[in-house]
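Each reported figure results from applying straightforward, stated rules to the coordinates on display, with no laboratory input. If you're wondering where the values come from, they're calculated on a predicted model, not measured in any experiment. All Cβ positions, even for glycine, are placed from backbone atoms using ideal geometry, and neighbour counts span all protein chains on display.
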Amino acid sequence: MNAIPSTLSPETPPKKNLTPTGAELVVTALRGEGVDTVFGYPGGAIMPLYDALPGSGLKHILVRHEQAAAFSADAYARATGKAGVCFATSGPGATNLLTGIANAFMDSVPLIAITGQVPTTVLGTDAFQEIDIFGMALPVVKHSFLVRRAEDIPHIIAEAFEIATSGRPGPVLIDLPKDVAQARVAETKPVTVKRAVKRAPDPVAIANAETLLKRAKRPVLYIGGGVVKAKAGAALRRFNMLAGIPAVSTLTGLGVLPTDNADFYGMLGMHGSKEANILVQEADLLLVCGARFDDRATGKLDTFAPGAKVIHLDCDPAEIGKLRDADAGVKGDLKASLESLAVGILDISLWRARAQKLRAQHKFNYSDAPGAGIFAPAFLEELSRTAGERFVATCDVGQHQMWVAQHCHFTRPEAHLTSGGLGAMGYGIPAGIGAKLARPDDCVVTITGDGSIMMNIQELATIRRYGVALKIVLFDNSTLGLVRQWQELFFDGNYSEVDLYDNPDFADVARAFGIEAFTVSRREQTSAAIKRLLGTNGPVLAHVRIDPRENVWPLVPPGKSNAEMMERKL
């Protein structure tokens, strides 16, 4: 599909002036950092920056809500490994970014958020659209800047990128007053930013870890999203190719080991696989790589892996010992730490046999769903296998998110993009836009629900405008599925405000935005629907109706041990 032609030329020649404005310095500095794509929405206070965009070489993606700008930039960062960039104006534009900034903070994603601000001459006077976004964002950023002088901009941009991408990555906010953006700068100082030095692991800590590994009889490799952020996936694969330790993953660590890898036993935790949770509970050692013992992974913390010693590798010293004491805490660059571990093949053949037996016992049965309707787990398993190694899932939050984690096949961590720590509904479509623009040759599929899609459904217009060839799978059960499931199981079936009976016809909605769409509801339509979805040129939405009574299994009840998993009752 071709994008709708604009009546406004994006190739307007840049203005020729003797000295640059602050806004022009921002654009130049962004280009100097290797930025080629930004996501945003203009407004009054940020207008000088938009005035500097035409002819700058930056590709600007006009989203239809600022939250989508932050989510798209977040996914662009996850897909490329570089910092994502988003723009918004002051007041509501800036506050609309906050959810996306918090999402990046919770999942340690490098993000540069540039907000317009009222002129410095009226700061503190409750001027029109003035908001203290600097103060509001403090809990969810690595650092914030309020630019006071235009000549400081090149240094601030360089420092912001260094902070966002070094150590444990995260978002940085730059608040740019309008008069500073408009000011002309005769001369700027040379940019000198102190680069963070990656901390090498302590040899004593490595030696302690090696001793524990060699003594272990039932070790488990516990993979977290920090492996992805540290670009340590290849190092981990090499390590475990030799060591052969049964491995499990958190939600954001999926794909570090391919899901079909012989040593991989699935996601652990609340909706983890039964074999993964059993292995962790029986382990005598956990080798924890870039994970933080999140409550969704551990269940009741004091019952988690009760007989296991812990080796904890992380670049963030604050995470080591925060929730679980480490018998060997290895601080520093995760890639270097994994490369320093020299243990070879461990003598754990009985443990490997136990793990393989558990996998065979608890293998998921895709034919056990009642009725003739489409079974979401089977649909997703077939979708990911059919799409192959180019498959990338950008996922919203809810039952479908857990089904994706349980049943999709991933060959690399960049193939699974989801809102993990924050659990933000509305992430899927903006993330799909960001991921597809970052990886145009990949098969990017947004998997969403009828609740989540309504959070940012306006971004269908963005897809249409730019001809983003995003595939969308919308599971429609006319309910807020995960909330309904909890109300059924833990609130005595008191269903309160979860009925979405009045949903629109989503296929009609998509077509109204100029996007091809179709609806399926019967199980025998699954293969044809997947073929049509993946074979369509340009964007397409598959509206998949499913049984509203279907739940996500297995499930660790809140406040319970991971050993107490609830399963489907046949």
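Structure data summary
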item	result
Highest-first arrangement of 384-395, 547-558, 213-224, where packing means the average Cβ count within 10 Å	213-224, 384-395, 547-558
Cβ-placed point charges (K, R +1; D, E -1), dipole of the chain about Cα centre in debye, nearest 20	1480
Orientation-averaged projected area, Cα convex hull of region 376-545 (nm²)	9.5
Antiparallel %, DSSP beta bridges [both residues in region 169-293], to 5	0
Fully extended contour minus Cα-Cα distance, from residue 316 to residue 241, at 0.36 nm per residue	24.4 nm
Debye equation applied to the C-alpha atoms of the chain, log10 I(q)/I(0) at 0.05, 0.07, 0.10 Å⁻¹	-0.22, -0.43, -0.87
Cα-derived Rg over Rh, computed across region 163-253 with Rh taken as Kirkwood radius	1.21
Sorted by Cβ density within 10 Å, fewest first, the residues 273, 166, 527	527, 166, 273
Rough spin-label spacing in nm, given labels placed 7 Å along Cα→Cβ, for residue 295 and residue 207	4.1
Highest-first arrangement of 170-179, 274-283, where packing means the average Cβ count within 10 Å	170-179, 274-283
Additional length obtainable on full extension of the chain from residue 350 to residue 200, 0.36 nm per residue less Cα span	50.5 nm
Cα gyration tensor, region 120-209 - rounded (a/c under 1.5), prolate or oblate	oblate
Set of lysines near residue 300 by C-alpha distance (under 29 Å), chain-local residues within fewer than 8 positions excluded	214, 217, 229, 274, 309, 322, 331, 357, 363, 560, 569
In Å, descending, principal axis extents of the Cα set of region 396-435	24, 22, 16
Cα pair count fraction exceeding 24 Å, expressed as % - region 63-159	20
Unit charges at the beta carbon, dipole of the chain: most positive-side option, 364, 75, 420	364
Separation in nanometres of the label points that stand 7 Å from Cα toward Cβ, at residue 511 and residue 129	3.8
Tensor-based shape of region 28-118 (alpha-carbon gyration tensor, a/c under 1.5 rounded, otherwise prolate or oblate)	oblate
Three-way shape label, region 203-361, alpha-carbon gyration tensor, a/c 1.5	rounded
Amide H within-cut-off set for residue 143, under 5 Å, with H built and near neighbours excluded	173
Area projected by the alpha carbon convex hull of region 418-498, averaged over all directions, nm²	6.1
